[in-house]
Amino acid sequence: MRSAALRFCPVLLLLFANLHLGSAAAVKKRADKSDFLVPDPYSRKCPMGTYLANDSVSCVPCKKDEYTEYPNDFPKCLGCRTCREDQVQVSPCIPTRNTQCACKNGTFCSPDHPCEMCQKCQTRCPKGQVRIAPCTQHSDLQCGPPLDDNSSFSTGVIIVTVLLAVIVVLLLVFCWRICCCRHHGAGDGGELSGKPSAVVGMARRTSNPSVETQKKLVPVPEGDPIALLRRSFNTFVDCVPFPEWKRFGRALDLEENDLYLAEQQDRVSLEPFYHMLNTWLHKQGSKASVNTLLETLSQISLSGVADRIASELIRKGYFQYEVS
């Protein structure tokens, strides 16, 4: 009896080994299937570092020299950027981030403007001035008059005094505008209007709909309208919050493909915004107008930004109010 039991032991061990290997294979198969990426069930977008496959039900990882920085539904990944000859690579391109480039030592490029070419830094300050800040990849050598301890303290006091004065003036203006809004709201029926104001540079409409007091911007005399409009793009890029550029483009009736092509430009230098505005200008042709851009900003609840842009364009001497 005991010898028979011993004969069955190898058989039982063999069956147990087969059962264990089969279970391990099933677990591995399930694990492989769980690693398969699929779009987010709510936004239908793939995670960064992937793109939406042709079947629209799976996300495919980006290949070498490709990337996607945000959740997307792109049909393919974006091509990685190649640093120019006057730049050095700060960090390489990875599936979730584009190549990061910067100007070489001794050169700089202001982050407020498109970095089309790195500029050489000053090697020394003019006579009678001292170095305040060294040259960096984003700014030139900063120079100024020499300051002793007393003058530094006096300058600090003056700066603080000016800042406090500015804050007080802004608070007074803010309170005055609130009082004026309440006064006008009571005259129209005792309620404040919740609608956004008109574009800056345009007066409010009168209570009589047949009478309009809106003022539009026109190019300064002898100025080329298209050239001045293109020159004003810098002001729009500086004033409109960069995260709003896509919403601005859609409000200008640009197609998603136009925004997709613009998005492939260098994000660091705000190139997508410039590319979007140039695409809009190309499509509009002679019908393009700065007033269209300002009115569109007002329509997407950025009337305050539109006001600031209109004032800045008049200050720079590009446009003036239309004389009725």
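The values are calculated or read from the model by the stated rules, or taken from the named source; none is laboratory data. None of the values given here were measured: they were computed from a predicted structure. Note that we place each Cβ from the backbone using ideal geometry, even for glycine, and neighbour counts take in every protein chain shown.
What tally of residues in the stretch 229-278 results from selecting those that are over 17 Å from ASP112 (Cα atoms), part of a loop (DSSP other than H, G, I, E, B) and under 16 Å from the mean Cα position of the chain (by Cα)?
So the count comes out to 1.
Look at ASN72 and say whether it is modelled with pLDDT of 90 or more and out of contact with any Ser or Thr (no Cβ under 6 Å at 6 or more places or on another chain).
The answer is yes for ASN72.
Read through the list (1) more than 24 Å from PHE233 (Cβ to Cβ); (2) surrounded by 12 or more Cβ atoms within 10 Å (Cβ to Cβ); (3) touching a residue at least 24 places away in the same chain (Cβ under 8 Å), then give the number of the only condition that PRO75 fails.
Checking PRO75 against (1) more than 24 Å from PHE233 (Cβ to Cβ); (2) surrounded by 12 or more Cβ atoms within 10 Å (Cβ to Cβ); (3) touching a residue at least 24 places away in the same chain (Cβ under 8 Å), the one that fails is (2).
Could you please find all residues in the stretch 232-265 being modelled with pLDDT under 90, surrounded by fewer than 16 Cβ atoms within 10 Å (Cβ to Cβ) and closer than 26 Å to CYS103 by Cβ?
PHE242, PRO243, GLN264
Every residue in the stretch 279-323 that is among the basic types (Lys, Arg), more than 23 Å from the chain's Cα centre (by Cα) and part of a helix (DSSP H, G or I), please.
LYS287, ARG315
Quick check on the stretch 141-159. Is at least one of its residues assigned to a strand (DSSP E or B), of a type in the set (A, V, I, L, M) and either closer than 29 Å to TYR70 by Cβ or at pLDDT below 90 (or both)?
To start, the set of residues in the stretch 141-159 that are assigned to a strand (DSSP E or B) comprises 142-144.
Then drop every residue that is not of a type in the set (A, V, I, L, M), which leaves none.
Within the stretch 141-159, none of the residues are assigned to a strand (DSSP E or B), of a type in the set (A, V, I, L, M) and either closer than 29 Å to TYR70 by Cβ or at pLDDT below 90 (or both).
Where the second residue is among the aliphatic types (A, V, I, L, M) and assigned to a loop (DSSP other than H, G, I, E, B) and the first is within 11 Å of HIS138 (Cα to Cα) and free of Cβ contacts under 8 Å to residues at least 60 places away in the same chain and lies in the stretch 99-122, which pairs have Cβ atoms under 6 Å and are six or more apart or on separate chains?
CYS121/LEU141
Can you pull out the residues in the stretch 43-65 that are part of a strand (DSSP E or B) and surrounded by fewer than 17 Cβ atoms within 10 Å (Cβ to Cβ)? Steps first, answer last, please.
Step one: of the stretch 43-65, the residues part of a strand (DSSP E or B) are 46, 50-52, 59-61.
Scanning the stretch 43-65 gives VAL60, PRO61.
Residues in the stretch 109-121 that are of a type in the set (A, V, I, L, M, F, W, C) and either at pLDDT below 90 or at positive phi (or both): how many?
Qualifying residue count for the region: 3.
Matching residues to (1) hydroxyl-bearing (Ser, Thr, Tyr); (2) within 17 Å of GLN89 (Cα to Cα); (3) surrounded by 11 or more Cβ atoms within 10 Å (Cβ to Cβ):
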site	(1), (2), (3)
PHE108	no, yes, yes
MET117	no, yes, yes
GLN122	no, no, yes
LYS127	no, no, no
SER139	yes, no, yes
GLY144	no, no, yes
